[in-house]
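Quick notes on the structure that follows.
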Amino acid sequence: MSPETTRDDLVIALTYYAPYVSGLTNMARDLAEGMAARGRRVTVVTSRFDSSLRREEEINGVRVLRAPVLTRLGRGVVSPQLVRLARSTMARAKVGALQLPMLEAGAIAAGMRTPIVSTYHCDVTLPPGLINTAQRVVVDASNGYAMRKSAIVAVTSEDYARNSRMWSDIEPAMAIVAPPCPPPPPGEPSYRETDGLHVGFLGRIVREKGLEYLVRGFRALPDEDARLLIGGDFTHVAGGSVIEQVRAAIGDDPRIRLLGFVPEERIGDFYASLAVFTLPSVNAFEAFGIVQAVAMLAGVPVLSSDIPGVRQPVAQTGFGTVVQPADPAAITRALQRLQTDPPDRAAGQKAAHEAFSVSTVLDAYEVLLDKAAHQRRAGR
């Protein structure tokens with residue numbers, strides 16, 4: 001078989017891919033599998049962040065290649081072979097796609113003749129410190145170079161992009177494409193314990209999610225029948241989790257449940273048990289928050305933080321409310337308002353479908369891929 005007949009339509013490079021779970025990896029997975037389902041030949045090049053994973057396999061029609069990891073650095077991994085593997089695979093593709101932020105992005109993009117679509121998800125945010133500052137500067141430089149070499153830079157919202165420290169690199173080739181958000185399957189309210197207000201969170205138990213503030217805001221509710229259900233992995237999290245800080249904030253409140261990782265087959269049950277979903281992020285590490293759009297698609301209103309990008313799903317649909325980040329009192333007041341005056345679930349669910357449906361997003365992404373395949377940006 002000739003190389004041309006096996007040429008990939010799309011090669012996506014990113015640090016973490018399934019079975020790792022995050023908003024970035026989920027978006028990349030949904031795009032890869034969505035394009036494959038539409039008849040495109042798709043390969044994902046990623047790190048072998050877990051040595052038990054296979055170096056090559058096919059997942060739902062997508063070929064996945066994993067490069068070995070040399071060491072770990074904060075939330076990321078160091079994988080010199082990832083650059084070589086991504087470049088060689090991308091060189092034979094019609095279009096390459098980089099999921100940023102990514103330490104190796106600049107090295108992958110350098111001199112690449114294959115047109116590249118970069119998706120910039122969020123700025124790297126690290127705790128203060130000389131080493132972390134140096135790491136951020138290096139990653140920013142790599143991502144900025146990759147975006148300048150890209151035919152198109154996709155972002156989930158202009159709101160976030162304009163507030164990003166990478167705006168000057170994003171703006172010249174910016175295209176706005178919302179993340180594809182598949183609705184969860186129907187479920188039974190099996191996590192519900194009482195008739196009281198059930199509030200939920202689902203995601204990684206990490207600092208930027210602001211869970212300590214959510215816990216404190218919830219604890220101020222006087223309703224003994226209220227429940228706070230916190231779902232998410234805190235044992236295998238890149239960069240480490242803040243589960244001990246969350247437990248300290250919970251204290252002796254018997255109304256709060258730490259569920260751990262919620263398996264895929266129970267996601268529908270989780271959302272069916274909620275009256276309000278929350279995304280109390282505290283900084284701009286989060287650029288959109290796919291999980292809140294998924295909650296809306298399940299008919300659950302959202303309380304989220306008023307920060308660039310994260311506020312967009314509520315702004316676009318009106319299905320929920322936003323509060324100032326890191327403000328437990330504001331969270332308490334918002335939960336009480338949503339309990340006494342809940343928004344129309346059917347209308348909110350319909351608005352979310354119109355804004356974030358998978359088919360709409362895949363249509364828009366296909367336009368970007370075809371545009372990139374037929375254009376060469378002068379000097380990029």
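The values are calculated or read from the model by the stated rules, or taken from the named source; none is laboratory data. In this text, all values refer to a predicted model and were calculated from it rather than measured experimentally. Every residue, glycine among them, receives a Cβ derived from its backbone with ideal geometry; neighbour counts consider all protein chains shown. Please note that ligands, DNA and RNA were not included when accessible areas were found on the heavy atoms of the full protein model with its side chains. Shrake-Rupley method; radii C 1.70, N 1.55, O 1.52, S 1.80 Å.
Placing unit charges on the Cβ atoms only, positive for Lys and Arg and negative for Asp and Glu, gives segment 201-356 a dipole magnitude near 120 debye about its Cα centre. Per residue, the chain exposes 42 Å² of accessible surface when a 1.4 Å probe is rolled over the protein heavy atoms with every protein chain present. Solvent-accessible area assigned to carbon and sulfur over the chain amounts to 52 percent, based on a 1.4 Å probe.
If you add up the charges near PRO185, with Lys and Arg at +1 and Asp and Glu at -1, over every other residue whose beta carbon is less than 14 angstrom from its beta carbon, what do you get? That sum, taken over residues with Cβ under 14 Å, equals -3.
The modelled label-to-label distance for the pair THR194/ARG38, using points 7 Å beyond Cα in the direction of Cβ, is 4.8 nm.
Counting Lys and Arg as +1 and Asp and Glu as -1, what is the net charge of the other residues whose Cβ lies under 10 Å from the Cβ of LYS94? Here the charged neighbours net out to +1.
Structure remark: mean-square fluctuation, Gaussian network model of the chain, C-alpha springs under 10 Å; the largest value among LEU214, LEU53, LEU279 belongs to LEU53.
Distant-in-sequence amide contacts of LEU73, defined by a placed amide H-H separation under 5 Å and a gap of 5 or more residues or a different chain, comprise VAL78. Express in whole angstrom the spacing between the alpha-carbon centres of segment 291-306 and segment 82-153. Each part reduced to its Cα centre gives a spacing of 30 Å. Selection among ASN143, PRO184, PHE201 by position relative to the dipole of segment 142-211 gives ASN143 as farthest towards the positive end (Cβ unit charges, Cα centre). Close amide-amide hydrogen proximity is noted between CYS181 and VAL358, each under 5 Å apart and 5 or more residues distant or on a separate chain (H modeled in the peptide plane; Pro and chain starts excluded). When peptides 102-112, 122-132, 287-297 are ranked by their average number of other Cβ atoms within 10 Å per residue, the highest-first order is 287-297, 102-112, 122-132.
Distance between the 7 Å Cα→Cβ label points at SER52 and ASP363: 4.2 nm. Summarising the amide proton neighbourhood of ILE59: residues at separation of 5 or more, or on other chains, whose placed amide H is nearer than 5 Å comprise VAL64. Note that segment 355-362 has calculated 3J(HN,Hα) couplings of 8, 10, 4, 4, 5, 5, 5, 5 Hz, one per residue in order, obtained from phi through the Karplus relation 6.51 cos²θ - 1.76 cosθ + 1.60 (θ = phi - 60°); glycine and proline are x. Post the alpha-carbon centroid distance, segment 5-21 to segment 208-276, in whole angstrom. If we compute the Cα centre of each part, the gap is 32 Å. Remark: the TRP167-ALA315 segment gains 51.1 nm on full extension, using 0.36 nm per residue and subtracting the alpha carbon distance. Assign one of three labels to segment 67-225, namely rounded, prolate or oblate, based on the Cα gyration tensor with a ≥ b ≥ c the square roots of its eigenvalues; rounded applies when a/c is under 1.5, prolate when it is not and a/b is larger than b/c, and oblate otherwise. It is prolate, given that a/c is not under 1.5 and a/b is the larger ratio.
For the chain, the relative contact order comes to 15 percent (Cα pairs under 8 Å, sequence separation of at least 6). Using Cβ point charges alone (K and R +1, D and E -1), the dipole size of the chain about the Cα centre works out to roughly 1560 debye. Our coupling estimate for segment 76-91, obtained by passing each phi through the Karplus curve with A = 6.51, B = -1.76, C = 1.60 and θ = phi - 60°, is x, 10, 10, 9, x, 6, 4, 5, 4, 5, 5, 5, 5, 6, 5, 4 Hz, Gly and Pro reported as x. Segment 20-151 gives an Rg/Rh value of 0.95, both radii derived from C-alpha positions and Rh following Kirkwood.
Taking a Cβ cut-off of under 10 Å around THR114, the surrounding Lys, Arg, Asp and Glu residues balance to a net charge of +3, with basic ones at +1 and acidic ones at -1.
Tell me, what is the percent relative contact order of segment 194-258, built from C-alpha pairs under 8 Å that lie six or more residues apart?
Relative contact order here is 43 percent.
Of all aspartates and glutamates in the structure, not one lies under 18 Å Cα to Cα from LYS350 without also being fewer than 8 positions from it along the same chain. Checking the Cα-Cα distances for LYS94/LYS149; LYS149/LYS371; LYS149/LYS209 against a 21 Å cut-off, the pairs over it are LYS149/LYS209. A value for percent of Cα pairs over 41 Å apart was derived from the coordinates, and within the list (1) 12; (2) 26; (3) 18 it appears as (1).
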